[in-house]
Amino acid sequence: GAGVSQTPSNKVTEKGKYVELRCDPISGHTALYWYRQSLGQGPEFLIYFQGTGAADDSGLPNDRFFAVRPEGSVSTLKIQRTERGDSAVYLCASSPKGVSSYNEQFFGPGTRLTVL
Amino acid sequence: ELKVEQNPLFLSMQEGKNYTIYCNYSTTSDRLYWYRQDPGKSLESLFVLLSNGAVKQEGRLMASLDTKARLSTLHITAAVHDLSATYFCAVDLGAGKSTFGDGTTLTVKP
């Protein structure tokens with residue numbers, strides 16, 4: 001079956017612009033995660049959705065970052081007033097289980113964001 | 001603050017040799033995951049370890065978990081070039097959240 005998909009695969013933008021990154025999880029997966037990965041580092045947790053609601057958004061670095069998942073499937077990560085430090089690969093993952101079970105995640109290919 | 005430390009961060013080894021990658025973490029957890037990432041690619045799940053003493057094996061890789069020591073190991077047996085990649089451990093904090101180590105980049109040379 002289809003895995004997690006993310007679009008676009010690459011995004012180049014200018015400092016101060018607004019960007020949206022899309023994640024389409026594996027069908028039927030209730031949990032969805034966003035991570036940010038900088039070069040040479042492991043993925044850094046941003047936000048986790050269980051269904052439509054954000055169960056944990058403690059990893060969002062500041063209020064310029066926001067994510068939604070209105071119908072419990074596709075999610076969009078939104079970044080306002082982008083800064084050069086936002087440049088990274090943004091990874092999305094989904095998991096079939098809820099909070100009560102283990103958390104094996106299936107990752108998408110990522111969106112490489114470059115802020116000039 | 002939870003710390004997840006992998007060592008070594010870089011590992012160069014010859015084909016046919018054995019080696020172990022270590023993942024230490026600083027908080028209580030009985031669930032840990034190992035992932036593989038090839039250059040420019042996303043993460044692929046390798047092992048799910050769900051309890052103290054868990055051991056999983058797949059081909060030349062074997063992962064174990066000691067929750068009392070807060071340590072997981074990924075053992076490589078008779079390395080081959082195809083195992084060259086970056087390996088991440090991730091500690092499950094519960095409630096859907098995991099914290100990743102910085103990865104171990106493995107290069108297997110002929």
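The values are calculated or read from the model by the stated rules, or taken from the named source; none is laboratory data. Computed from a prediction, not measured in an experiment: that's the story for all the values here. Neighbour counts are summed over all protein chains in view; Cβ atoms, including those assigned to glycine, are modelled from backbone coordinates with ideal geometry. Protein only, heavy atoms only, side chains kept; ligands, DNA and RNA dropped before computing areas. Shrake-Rupley method; radii C 1.70, N 1.55, O 1.52, S 1.80 Å.
Would you please classify the overall shape of chain A from the alpha carbon gyration tensor, given that a ≥ b ≥ c denote the square roots of the eigenvalues, rounded means a/c under 1.5, and beyond that prolate means a/b larger than b/c while oblate covers the rest?
Working: a/c = 1.77, a/b = 1.64, b/c = 1.08.
Since a/c reaches 1.5 and a/b is larger than b/c, the shape of chain A is classed as prolate.
Using alpha carbons only, how many angstrom separate the centre of the stretch A:37-91 from the centre of the stretch B:19-57? If you average the Cα positions of each part, the centres end up 23 Å apart. Considering only protein heavy atoms and a probe of 1.4 Å, how much of the accessible area of the stretch A:1-102 is carbon and sulfur, as a whole percent? Looking at the stretch A:1-102 in its full context, I get 46 percent from C and S. Counting only lysines at least 8 places from B:LYS109 when in the same chain, those with an alpha carbon closer than 24 Å to its own are B:LYS17, B:LYS41. The H on the amide N of A:THR30, modeled in the peptide plane, is under 5 Å from the matching H of A:SER95, A:LYS97, each at least 5 residues off or on a different chain. The aspartates and glutamates whose alpha-carbon is closer than 14 Å to the alpha-carbon of A:LYS15, local same-chain residues fewer than 8 away aside, are A:GLU83, A:ASP86.
Give me the percent of the accessible area of the stretch B:4-109 that comes from carbon and sulfur atoms, probe 1.4 Å, all protein chains in place. List each step's numbers first, then the result.
Working: 2380 of 4950 Å².
Within the stretch B:4-109, the accessible surface is 48 percent carbon and sulfur.
With both labels modelled 7 Å from their Cα along Cα-to-Cβ, the A:SER5 to B:SER12 distance reads 4.1 nm.
Accessible area per residue for chain A in Å², computed with a 1.4 Å probe and the full protein assembly in place, what is it? Spell out each step's value before the answer.
On the way: 5480 Å² over 116 residues.
It amounts to 47 Å² per residue over chain A.
Averaged over peptide B:39-48, the number of partner chain Cβ atoms lying within 10 Å of each residue's Cβ comes to 4. Basic side chains Lys and Arg get +1 at the Cβ, acidic Asp and Glu get -1 at the Cβ, and with that the dipole of the stretch A:5-99 about its Cα centre reaches some 200 debye. Rolling a 1.4 Å probe over the heavy atoms of the protein chains gives the stretch B:4-109 an accessible area of 47 Å² per residue. Label-to-label distance for B:LYS3 and A:ARG64 is 2.9 nm, based on points extended 7 Å past Cα in the beta-carbon direction. For the protein assembly as shown, the calculated P(r), taken from all Cα-Cα distances in 10 Å bins from zero up to the bin holding the longest distance, is 8, 33, 34, 19, 5, 0 percent. In chain B, a dipole from Cβ-located charges (positive for Lys and Arg, negative for Asp and Glu) runs towards its positive end, and of B:GLY103, B:ASN24, B:LEU9 it is B:ASN24 whose Cα lies farthest in that direction. With the simple model of a label 7 Å out from the Cα in the direction of the Cβ, A:THR76 to A:LYS97 spans 3.2 nm.
Taking all C-alpha pairs of chain B, those more than 23 Å from each other amount to 22 percent.
For a straight C-alpha distance cut-off of 19 angstrom, the lysines reachable from B:LYS3 (same-chain residues fewer than eight places away being disregarded) are B:LYS68, B:LYS97.
Within 10 Å of each Cβ in peptide A:42-51, how many partner chain Cβ atoms are there on average? Round it to a whole number, please.
Working: counts 14, 10, 2, 7, 0, 2, 4, 1, 2, 0.
The shielding value for this peptide is 4.
Put B:MET62, B:MET13 in order of accessible area, highest first, and with a 1.4 Å probe you get B:MET62, B:MET13.
Heavy-atom accessible surface of B:SER29, to the nearest 10 Å², is about 10 Å², with a 1.4 Å probe and all protein chains retained.
Rounded to the nearest 100 Å², what is the buried accessible area between A and B, both sides summed, probe 1.4 Å?
On the way: alone 6240 and 6280 Å², together 10930 Å².
So the total buried area for this chain pair works out to about 1600 Å².
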